[in-house]
Each structure stands twice: as structure tokens, then as C-alpha cells.
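The values are calculated or read from the model by the stated rules, or taken from the named source; none is laboratory data. What you see is a predicted model; the values in this text were computed from it and never measured. So basically every Cβ, Gly included, is an ideal-geometry build from the backbone, and we count neighbours across all protein chains shown.
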Amino acid sequence: MSETPKATGSLADRITGPAASKLDAATTSFTPSASNASSSWADEVASPVGGQSKQLGGGIEEAQLDGAAQPLAGSGLHDAQYEVEVKLSDLQGDVNSPLFSVNTFEELGINQGILQGLYSMNFKKPSKIQEKALPLLLGNPPTNMIAQSQSGTGKTAAFVITILSRLDYSRPNQPQALCLAPSRELARQIEGVVRTIGQFVQGLTVQAAVPGAVERGAKVQAMVVVGTPGTVMDLIKRRQFDVSNMKVLCLDEADNMLDQQGLGDQCLRVKQMIPRVDQILLFSATFPDEVMRYAQQFSPGANEIKLKRDELTVGGIKQMYMDCPSDEGKYDILASLYGLMTIGSSIIFVKKKDTASRIAARLTEDGHKVVAVHSAFEGSERDSIVEDFRQGRAKVLITTNVLARGIDVSSVSMVINYDIPMKGRSDAEPDPETYLHRIGRTGRFGRVGVSISFVFDRKSFAALNQIAQHYNIDLVKLDQDDWDKTEEIVKNVIKSSRAGTNLQS
Amino acid sequence: MAPTSFPGVSSSPPPSNSNNDNTEDKMDDYERRWRERNSEETHKIALAAALARHNEIRERALGILQLEQLREEAEILRQKRIQTEERVKLETQRAMEQLRIREEENKARQIPQPPPRVPTPPPAIPPAVQPKQPDNATTSASQQANQPPPAPAPQQPSSSNASQTSQTKATPQGTIQQHLNQPNAFQPSQSQPIASQPPKQQPTVSDAIQKQAETPANQANQNPQLAQAPATATTAPQHPQNPSHTPQAGETSSAHTQKPQNLHESVDRYVTIHKNLKEVRKAIKERGEKDAQFKKKAGEMRRAITRSVGQLTGERGANKVPTDTIVAQLEASLGISTVLEAVHSQPYPPELVMASKPERGPQGTLNNGEHMPLLTIYLLNILAKSAIAQFCSEAGANPKTADPIGVILVSVFAQRRFSWRGRSLIDIVIAKFRILCPVLFGVRGNDKTEEGRAKLGWKKDQNGNWISEQEHNDRMTGLGAGYASICLRDFSKSQLFNPWPATNYWFSLASITCTRPDDTSSTQFVVLKAMIDNHTAHFLRIYGDMGVRALHVALEDFPHKAAAGNVAASSLQVLAAKLRRDTGLTLEVK
């Protein structure tokens, strides 16, 4: 227990301390770019090949400028020198933002193939968690890590980069890294992230170990295995999965994996079946205290990156609630929400499966492409439904808590809590963790997203109120009487402080 | 051993300690030395002497070496200085030459173009865009050929209109050339009074609308037109003001042949259009404040459009419901499908939101009058607005979602029902791109300066701070992808004419890649990547080998212009690698 205060102390160090000292580093790294003209000149002179193609390009440029109207020369030769440089604070943004960083991926010493993968995913700079965690994760000798960071701030990419950096590429058929996730959808998603980040890494092999994915008797023959604990445990038991050469074991949504009785047991058994592993990584957006202790046992001697409770919500997610006249009235209100704002994809969380089906019918009538996922669907069916949503073939996903965690579809811009998340016996108390994970499906990587929670009676109102108090957030009330007014409120809420800046207040 | 010291081979005479006899002494000395010639002492002394000598020589050598090094360094520095001088000189020369070129081009632009051109469209490659005027004879001829019943229009068909009709048949080049000219072909309507009305009556939108709303006399004046605008849409135009129109047509065409405008001005025209559109929104809002029923109806239509744009997906045939909804709202505003009192709105002169004013189309052209309903313009604006918002947020996160939005946008704006005098109102959309993503129009700026950011369309938040780099990049990605999805539409099998053909894409591509190294910005790289990624198939279908060459310039050459370590430029290069891997498209030039 004495470690907890120490851990928070080190958190403060890591999160606020270096940022201040980094300002200098940024100044120095910033100045050279001012004189980029000469450096690029040097480049051209240095490589004759480049110079040649340059000339060719020049020919085309001339051809372009020859016939076509001259492009608007907003920048003459004249005005360039007299411009005022952007304030350093603006340039770097808010130091407190979870996406703030001054480093580049290159500076973190990530290998070229992985870098290309990151660039092709439109990643430009590491997020704060990546900037803090990657030097620790990639350092030698490998050290365990327990890392907490807000939803949508790049945790998955951080551990995938680590895994890809640790592999021995001369042994493509030897499992070397295992990543566990609480649901098959999430495992599939992580598998996808490994493939995307590793798309330019030669000889990488990835395999999913989820129910139905590995045939009986077939060997698991990929360097990276991503799976759910139960299936992985079975595969190891049946000797289909050779775990004698494990370098990294990673648990995503670690609090969920270690907390739930079933999953917690399974994870521990998996760990015990692995004879030796260099590095154990635990990642999640939430780490309740009681799970933290267990996590420290599971991943001994780990570096820890933690957040305070009121830092947990992401500023880009605008949280509102809708006061509905009755449980039944929610259908129409839900349908009217679309049109109030620009919505890419959206997720609606409900408690019961039959509510899901009824909402699906209502929204389909309105012209939406809707899919619903809940436990009534079978494994591979669920995979293809989620894939439809991920690819944008369907833009509304209605689901129960199975998908509350981890699912990352970058274009999701609205999350609806059609029912307030509850936990405990007969749903007696509100469930703030699930609320946080649910709304974390939007506002991914610094984008703006909206969450709207529906309340209609005293119980639901009180529950939402408790959740708001738990995280110390203000929820904006929406009205269903005057949609013009509601539209305006929503517009203003979305406009108000942009992503990541809420941590100032 | 005796305490005396013994000289080595080269040492001075030793001090004797015993005798006075000199020769004996010498003999003694010699013998002693002979005796001790192999003793350890002697060797040590000899070695010490050798070491001293060695050190002396070594130090001298070191000194010489240092001098030599200094000399060499000086020489290198001198060479460097010469090189630098040379470079500065050359760069200055280059800059001066460029200035001169620019001046010459400016001069060239002032030269009036000779009006007619050879009557057959040249089979030149598409990119050869030339600011020539469309030829009256050609286009009207082809227009006649295109329309089986040769309707002798009361008024002379305008060049633009005619060429629009001819476009259905014309080659891509024809489309391109004609279209590029479109924005420039006419005087900006701002400076041009509407033929049918006193010049002072409609300087700006708000004026027009306010006057209509406030002065009853004026309203009475306008009312016939209000009712007429929808009517003209369905029936043949029998406009009472036709006669007064003809002289004006002549005026304009002579005006545009005399004074071709350069792109600079027409690009600026979009800024004006953007302002006018704000006035349109204000006018609708003001009307809503007075008329609750109108407000409710307009709000519902607006939300229906926003919702429908949000529903679009990339699946084939999946967008029927949302498309129908959008079209239904627009039709309702025109008064075609409903006769709802509430949706009738003031008339509005569409040329205020167009880059140039089209002449009246031939008989049978829809919306051939002086006005269109304000509400229609408003809803087209809302459609453009929600599409752009969708680009910024959704396509910024996932650029693939831009395409279906672009398809619907272009297909709605291409419809004759929603065009004015046969010309699409797509300038409403383009004006928004002009404001939000100026890079597409050749505007350049420095990401790291206040002015530069303002020029690049870098948004500020409510507190007046620049939005973060990440957000900016997202927006630019979405807008780049969105612009490409509008430009690269294939109209070869369509009856309609392409309101914003692919030459505009080429133009943006060219004006970004032609940027001088020190004018490049990350924003350009981001936009360029978004424009190209996922759109190469469309682009190459239209431009073929020339497209491959253009991609080479954009993906291989242009990133080299960036400062070393520019991540946005690197991801452009990664895009080239990805194309090579996924499609086998190699951009290297042999």
C-alpha cells in the first residue's frame, strides 16, 4: 500500500515535470526549421538523383504555370519575412492535454518499418501516453508496465509498437507475443491494429485466438497472438499453442481482465502456463484501487503511469443528457437527435436485447443503416457485424455492454446512453466505469464527440447525477420541446472549448 | 656498486674521484667503461637519451602537423565561403528570375485574348488548361446539334449555356476547358446590376431581402416574381422582362471577350459568395423570428438534410432514402412537390452565390427567370454546409467516408431542377472550400506564423486560440478527401453535365506541387495526401498516363521540397510505397 502514494508522486513527475523542461527542447527543435530553405537546398545538391528528378518536376511545373492561370500567389516573395511567428504555447497546444507531446516518433527510436505503418495511419506525433510510455516500454532490459490513459489516446498503438519492436523476425512460426482482450471484437480489433501498424514490417505474422478462429488440432504459428483468455487457455492446454518462447504478455482493458471473476482466473492461469516471459504489460483507461493491487502482483516491479480520477474524462467528448417524458418516449427523441448535428457514426447503448431490436427497426425506417450486436449473436456473426460498422457500411450500432470497452471506430461522433449503465445486484447502483468506457467510444484521438444520456424517471436521473459527481463533470441538459433551441445548444456545446482543453478548468 | 655515475656512449667526460695521473685516469675510465659496457646502468642511460631524442622529434612533427591541419581547415573554409557566395548569388538570381516571370505573367494576363478559336476542339491532353474564352460559334453549333427540336430561342443562347449542353457529348477536354473558363467568363455579378431591376436595388443580399421584407411597395413589386419563380421551373419561361434582356446579353458577352479575368479574382469571388451565403442564413433566421410556422418548417427541412447527409454510406444503392429525403426538401422549397404556404419564401437572385452570371438558357430551361426561392438557396447552402461539416469531422477521421458524400453533393448540384438558367449552383460548395481549405486554390502560408496560419485556413477556437495541430490536420484531411470526391466524378454516362469536373482537381494538385520549397507547409502535404489517397483509381481513369506522371510529381518529387523530418511529407512518401505495394503502381521515371 505504501507504494500508492509513491506512484502518484511519480505520476506528477512524469506528467507535469518533464513537460516544463521540454519547452526548451522544443524551442531549440523549433528554430532550425526556420532556415529550412538552405537545408533543403543542401539536400538537393547532395543527391544528384534527386536533383535530376527535381529538374523533371521543374519541367512539369513550368508546363503547368505556362498555360494555366497562375495559382493565387497568396505568398509573394515579399511578405514572408514579416510574418509573426505563432506563440509557442499555441504551437504546442495545451501541455495538460492527453494528446500533447513535443517529441516525434523518430526521436523515440522506433524502427523504420513501424514508422511507415504509423504514418500511413495518419499518426503524426506520439500522444502523451505514447511519449511517456514508449521509452520505458522499449528500454532494455525489458521492464513490466502498468499504464493508465484516457480513452482514445493511443494505448493500443503504444503496446503494439512495443510488441513489434521485441519480436525476433527470424522465427516467423514461433509465437513470441501474446495479447489478451476481454471480448472477441476487441481481440479482432487489436489484431487489425497489429496488421496495420506492421504493414511495412517484413515477415510479420499475426493470428487471432478467439472462439472458432483456430481449428482443433491446428498449431498456432504466428509471432503475435491476440486472443481472449478462455480460448488461449484451451489452446495452451491442448498443446496447440507453444508458449515456451514468450517475450511479451499484454493485457488490454486490464482492470476488466483482472477484476471479473471468470476472466481474472483465466488470465492468471494463462500466465502460470507460460514458463518465462520478458515483459508483462497492463493497459486500461480505468484502474479501480482494488484492481490496482492485484495488477501490481500480476505485473511485478512494473513502471506505473496513472491518472487522477478527475483527469479521466476526455475534453473532446461533450457530455449532455436528455430529459425524456417516459421510457416509451425515448424512441422518438432518439430519432430526432440525428439532424441536430453532424454525426458520422454513432453507438447506442441499451440494457436489453429487445430494446435494441425495437430501436433498430425505428431507425431503419428513418433511413439509417443500423446494426445491432449483443450476446444473442454467434461469434463469427458478431465479427462481421462489427466489421460492417467499422467499414462504415452501417453507421448506427446498437449494442449492450459487450462492446462498451475498447472498440475504436474513429468516425464515431455520438454515443447514446439509452439506458444509464448500472451494476450490482438487480442494478441497484450506477456504474461509472462502464459510463466512462461507453462515452470513450467517441472523441477518439483528440476528435470532438458527443455523448447524450437519456433519463426519464427519478432513478435514472439520480444514477446519472451520481456518475457526474463521481467524475466531477457538468452535464448539459437538452430539451425535446423546441428542437431549434436544442440544435443551438448542441452547437454551442460542441463549439465550446475544444478537445483536450477541459483539463485547464 | 660504486656511487659514481658513468657516462654513456655520447656523454661528456666523467668526473674522476681518485687520481691525478691523467693518462692512467683515462685508461681507468676506458677500462671501466669497457668493463661495464653491458651493464644495466649503461643501457638505461642510452635508452633515456634515445627517448629524449625521440620526444624532441615527435614534438616537432606534431607542431608541423598542427600547422598543416590549420592550413587545410582554412582552405576548406575558404572553399565553403566561395560555395556559399555562389549559392546565395544563384538563389538571388533565381528569386529575381521568378519575380520577373511573375511580372511577365501578370503582364501577359493583361493582354486581351483574341476572341475566336478554331472551331474543332483540339485533341490536346487534358492538363493543358488555357484561359481562352469558349467560342460562341462552336458551342452554339454543337448545342443545336445536340437538341433535336431546334428551338429558336427568343434570346440569344449564351455561350456558357450552350457549352453546358454540349458537354453531355463533349470529350473530357471540352468539359475541362469550358469549365475552367466558367468562373472567369463573366463579370462578377456583384458589379453587375441585374437587367430587370434598377441597379441600386440589390447591391447585397441582405439589402435585397430587407427591402422586400420592410417596404410594402417593394414587396408588391416583387410579389409577382415570387409566385413566378416556381412557375418558371415547371413551364416554359414566358418572362415579361425578356425583351429588356437581349441587349444585356450582348453587353456581357462583349465584356467578357474584352477582359478575361485571371484566376486570382475569381478565387476571391468565392470569398464574396461565402459572405453572401451568410446573409442568406441571416435572412432566413429573421424571417423565422417573425413567422413561427416558417421557422419550424425551415428547421425541419434543415435537420432532415443534415440527418440525411449523415446517413450516407459507401454501399452501392444504399443511399436511396437519404438522397430522396434531400431532394424532397429541395423540391418542396421550389414549390414543386408541395403547395405548403409556409415554405414559400422571398425570391433571391442566384448570381449572388455564383462565380459568374449565366445568361438565360434556351426555352424550356428550368429556373430561367431572374430569381430562385430564397429557401432553395438556403437549403442548398445547408446541404453544402452539412456535407462540409461531415468532411471535416467524419472524413477527417476516416477519409473513405468522403466519397459517398461527394457523389450525392455533385449529383444534387448537377440536377437541372436545382440549377439556375441551366448552370449549377455548385459555387455554393466551392466557396466553402475556398474559405476552409485555401490550399486547394493555390494559397500558401507558413504553418508557424500567425499570418501564415490565417492564410491556410487554420481555425481558431472560441477563445481565439489556434486549434491543435491534430485537429487542423484532421480537418484538412477531410476537406482534401472531400474535394477529391467532388472533382473526380465520372459523368461520361450521364445526361447531366458535370458541375465541377476533374480539371479543378488537376489545378489544385498543380498549385500545391508547384510551391517553392520555402513556401511549402505541412498543411499542403496533409491536403495533398488526402486528395490522392483512395482516389488514385478515379484520377487515373480520367488522366491515364499523365495522371501517373502527376502522381510522381506529387508523391516522389514534392515531398523532397519539405524540410528534413517533416512528418506530413514522410507520410506522402509512405503513400507512394503503399500504392506500389497494393496496386503495383510504380511512379519511378525511367
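Candidates are the residues of the range A:272-296 that are closer than 11 Å to A:Asn144 by Cα and polar (S, T, N, Q); the one that is surrounded by the fewest Cβ atoms within 10 Å (Cβ to Cβ) is A:Gln296.
Condition test on A:Ile197, is it hydrophobic (A, V, I, L, M, F, W, C), out of contact with any strand residue (DSSP E or B) (no Cβ under 8 Å at 6 or more places or on another chain), in contact (Cβ under 8 Å) with a residue 60 or more places away in the chain and buried (at least 24 other Cβ atoms within 10 Å of the Cβ)? Yes: the conditions hold for A:Ile197.
Select from the range A:108-125 the residues that are within 11 Å of chain B (Cβ to nearest Cβ) and either within 16 Å of the chain's Cα centre (by Cα) or among the polar types (S, T, N, Q) (or both) and list them in ascending order. Result: A:Gln112, A:Gln116, A:Leu118, A:Ser120, A:Met121, A:Asn122, A:Phe123, A:Lys124, A:Lys125. In summary, helices (runs of 4 or more DSSP H) completely within the range B:257-353 and bearing 2 or more residues that are within 26 Å of the chain's Cα centre (by Cα), modelled with pLDDT under 85 and among the hydrophobic types (A, V, I, L, M, F, W, C) occur at B:263-290. May I ask you to verify whether B:Ala397 is modelled with pLDDT under 95 and touching a Lys or Arg at 6+ places or on another chain (Cβ under 8 Å)? Yes: the conditions hold for B:Ala397.
Only one of these conditions is not met by A:Val415: (1) within 17 Å of the chain's Cα centre (by Cα); (2) of a type in the set (A, V, I, L, M); (3) over 12 Å from A:Ile348 (Cβ atoms). Which number is it? Checking A:Val415 against (1) within 17 Å of the chain's Cα centre (by Cα); (2) of a type in the set (A, V, I, L, M); (3) over 12 Å from A:Ile348 (Cβ atoms), the one that fails is (3). Screening the range B:432-481 for residues that are within 26 Å of A:Asn492 (Cα to Cα), in contact (Cβ under 8 Å) with a residue 60 or more places away in the chain and more than 12 Å from the chain's Cα centre (by Cα) and picking the one that is surrounded by the most Cβ atoms within 10 Å (Cβ to Cβ) gives B:Gly478. Just one of the listed residues (A:Ile317, A:Ile348, A:Ile398, A:Ile343) is more than 14 Å from chain B (Cβ to nearest Cβ), surrounded by 23 or more Cβ atoms within 10 Å (Cβ to Cβ) and in contact (Cβ under 8 Å) with a residue 60 or more places away in the chain, and it is A:Ile348. Among the residues of the range B:306-321, those that are within 15 Å of B:Asp403 (Cβ to Cβ) and more than 7 Å from chain A (Cβ to nearest Cβ) comprise B:Val309, B:Leu312, B:Arg316, B:Gly317, B:Asn319. For the range A:203-244, filtered to residues that are polar (S, T, N, Q) and closer than 27 Å to A:Gln391 by Cβ, the residue that is surrounded by the most Cβ atoms within 10 Å (Cβ to Cβ) is A:Thr228.
Only a single item in (1) within 24 Å of the chain's Cα centre (by Cα); (2) closer than 20 Å to A:Leu337 by Cβ is not met by A:Ser460, and it is number (1). Taking the criterion of being under 19 Å from the mean Cα position of the chain (by Cα) and within 15 Å of B:Phe539 (Cβ to Cβ), the only residue of the range B:573-590 that qualifies is B:Leu575.
For the range A:232-247, the set of residues classified as free of Cβ contacts under 8 Å to residues at least 12 places away in the same chain and closer than 18 Å to A:Arg184 by Cβ consists of A:Asp234 only. If only residues of the range A:165-188 that are touching an Asp or Glu at 6+ places or on another chain (Cβ under 9 Å) and not in a loop (DSSP other than H, G, I, E, B) are counted, the one that is surrounded by the fewest Cβ atoms within 10 Å (Cβ to Cβ) is A:Arg166.
In the range A:250-274, the residues that are within 18 Å of A:Arg438 (Cα to Cα) and assigned by TED's automatic domain parsing to the domain that holds A:Leu178 form no Cβ pair under 7 Å with any partner that is part of a helix (DSSP H, G or I) and among the charged types (D, E, K, R), whether six or more places apart or across chains. Across the range A:401-426, the qualifying residues are those that are free of Cβ contacts under 8 Å to residues at least 60 places away in the same chain and not hydrophobic (A, V, I, L, M, F, W, C), and the one among them that is nearest to the other protein chains (Cβ to nearest Cβ) is A:Ser410. Checking A:Gly440, A:Gly449 one by one, the residue that is touching a strand residue (DSSP E or B) at 6+ places or on another chain (Cβ under 6 Å) and closer than 24 Å to A:Lys308 by Cα is A:Gly449 and no other. Residues considered: A:Phe461, A:Phe456. Of these, the only one that is modelled with pLDDT of 90 or more, touching a strand residue (DSSP E or B) at 6+ places or on another chain (Cβ under 6 Å) and away from chain B (no Cβ under 14 Å) is A:Phe461. Screening A:Gln221 against (1) without any contact (Cβ under 8 Å) to a residue 24 or more places away in the chain; (2) out of contact with any Leu (no Cβ under 9 Å at 6 or more places or on another chain) leaves a single unmet condition, (1). In the range B:486-590, counting only helices (runs of 4 or more DSSP H) that sit wholly within it, the ones holding 1 or more residues that are more than 9 Å from every other protein chain (Cβ to nearest Cβ) and basic (Lys, Arg) span B:536-552, B:567-583.
Looking across the range A:131-153, the residues that are of a type outside the set (A, V, I, L, M, F, W, C), touching a Leu at 6+ places or on another chain (Cβ under 8 Å) and either farther than 13 Å from A:Lys247 by Cα or assigned to a helix (DSSP H, G or I) (or both) come down to A:Glu131, A:Pro135, A:Gln148, A:Ser149, A:Gln150, A:Ser151, A:Thr153.
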